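Please treat every number below as a calculation from the coordinates, not as lab data. What you are looking at is a predicted structure, and each value in this text was computed from that prediction instead of being measured. With ideal geometry, Cβ positions are generated from the backbone for all residues, glycine too; neighbour counts draw on all protein chains shown.
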Amino acid sequence: MLSGALMAFFRSEASLSASQRTLTFEQRVAYQHAIEEVYWRHCIWPKERPDRKPSLDAVMPQAQLQKKVEDYLSKSQALEDQRQRPLSAEQLQVEMDHMAKHTRQPEVTRELFDALGNDPFVIAECLARPILAERLVGDLSAPDNKGRFDPARSKGLPSVSTATTVANGAYTLPRIAEGNPPCTDDNWAPTCLINAPAGRSYHTAVWTGSEMIVWGGLGSSDWNTGGKYDPATNSWMTTSTTNAPSGRFEHTAVWTGTEMIVWGGDSCCTNYFNTGGRYNPSTDSWIATSTNNAPSARKGHTALWSGSEMIIWGGYRFDQSGTHYLNTGGRYNPSTDSWMATSTTSAPVGRELQTAVWTGNEMLIWGGDRFGSYLNTGGRYNPTTDTWAATSTDNAPSPRSLHTGVWTGTEMIVWGGVGNTVFNTGGRYNPSTDTWIATSTSNAPSARQFHAAVWCGSEMIVWGGAGNTYLNTGGRYNPTTNTWAATSTINVPTGRQLHTAVWTASEMIIWGGNNDTALNTGARYGPTPAATPCPPTPTPTITPRRTPTPRPRPTRH
């Protein structure tokens, strides 16, 4: 629904031709609020959280809306100064046409257009302009442009808080792609490459409900950069590096409902971290996590969100005193910016490269590596009582690491990985009965490690990884029937390992990874319509990030 103020804007401007129309700064801020309302509606509020989802106004103050408008107007002005010409109506029309034709979430794109009154002038100025300005500034800032664009020039711009911007030219409202894109029929469709983050692996990704946020990782550098991918507009926006954690890989990330929390990890230069940061995508800002009582520095650990806390556990660190496989962990509360240690009484033996899932009241960890030996043991941690209980090893899968794990609502499914060989086997663990059932190997994907997996409501989807080569194949496992079906290879992305995957409620989006080259490509995969939709998983399964033995430093690409 449009606010009264916005309705007044539409009525007052309806009789003006495009060449006569203007938008004041205050109007732009009001339209920005309408855009943010759409995204906030789709933002995941984890069901485990005890508090109710707040209103947009409670999480995004007016000053932040103004800052967003100032930012895209400043970038537009900087581009005009640099290129000696403003962004044209033709460019903005092309941008609108692109987002309407190539949207990966037509229903959200339609909501955005509706929020702006389906007025092509307003859509061009308030939805297309920010995306286009961000991309062109990024292009001019790229190293291969030999310094043609100096970002510092935009910092000296006069205040735009009272500016009125005039747009010339007539716009046409583009038609949004009808129905579902082709990938919802067991097919693949690529994600946008324009303005995508630099190629990387060992990074993290979370799904917010409207955007996929990727951050960190290893490519030509230890990255402290990232990007937000919006399927509705099929576009990327960079994440701020102001106050961001230092560059790292093999860290973890969780989504809380309002923030992405990253923690720990490794660096080729400074080794292991016990630091982290909270990133707010609405404000594009970072806040450091406290180090008071924080767990010791590590990588190869796991992290998940319980509804009120991030729980990290396990991992590996090498220092002057030796090699440490950790059975310690911590619970971080972002509301108080404080840490509490997890109990070590009856905790599983220290390890790295295990998997972890959240059941609704317990964290289940399983598998991993310790001093080159693979494990098929695990534990159930209850944060309410701060206690551990061992998982059964009867009928458990073979010892392994670099596998994946997902939670179905009643069972944890682990699959793949490496132990005494590379596996295409797995198991389903039921914590209610403390029992294991093997997953079928009939029609299962080929053996692999460094792959990714998501739960889509009725099936586990696995894709990619490394076997005898870099794989672009996968499978859909149905635990009800204990059967596998291959994922489509139509328009499939190039084979890779160490990529990330998130589930959006209707599609799996994979991104990044490497195949001897660090990749910045991705794709979205839709299972067949027979798959039962389910709410998106706010924190994807943490996939282990490196070969446990031997331990060479990762190669930069």
Going from the fewest other Cβ atoms within 10 Å to the most, one would list E48, E259, E459, E90 as E90, E48, E259, E459
Length gained if D81 through T385 is fully extended, taking 0.36 nm per residue and subtracting the Cα-Cα distance, is 103.3 nm
The set of residues whose placed amide H lies less than 5 Å from the amide H of T256, leaving out same-chain residues fewer than 5 positions away, is I261
Listing V214, V38 by rising number of other beta-carbon atoms within 10 angstrom, fewest first, gives V38, V214
Contour minus Cα-Cα span, I194 to N361, at 0.36 nm per residue, comes to 56.0 nm
For the stretch 182-526, the dipole about the Cα centre with charges only on Cβ (Lys and Arg +1, Asp and Glu -1), to the nearest 20 debye, works out at 420 debye
Most exposed first, judged by fewest Cβ atoms within 10 angstrom, D186, D266, D319, D71 run D319, D71, D186, D266
Between the modelled labels at E90 and K53 (7 Å from Cα along Cα→Cβ) the distance in nm is 4.2 nm
In terms of the alpha carbon gyration tensor, root eigenvalues a ≥ b ≥ c, rounded if a/c is under 1.5 and otherwise prolate when a/b exceeds b/c or oblate, the stretch 312-406 is oblate
Residue span S240 to N292: 0.36 nm per residue of separation minus Cα-Cα distance leaves a gain in nm of 16.2 nm
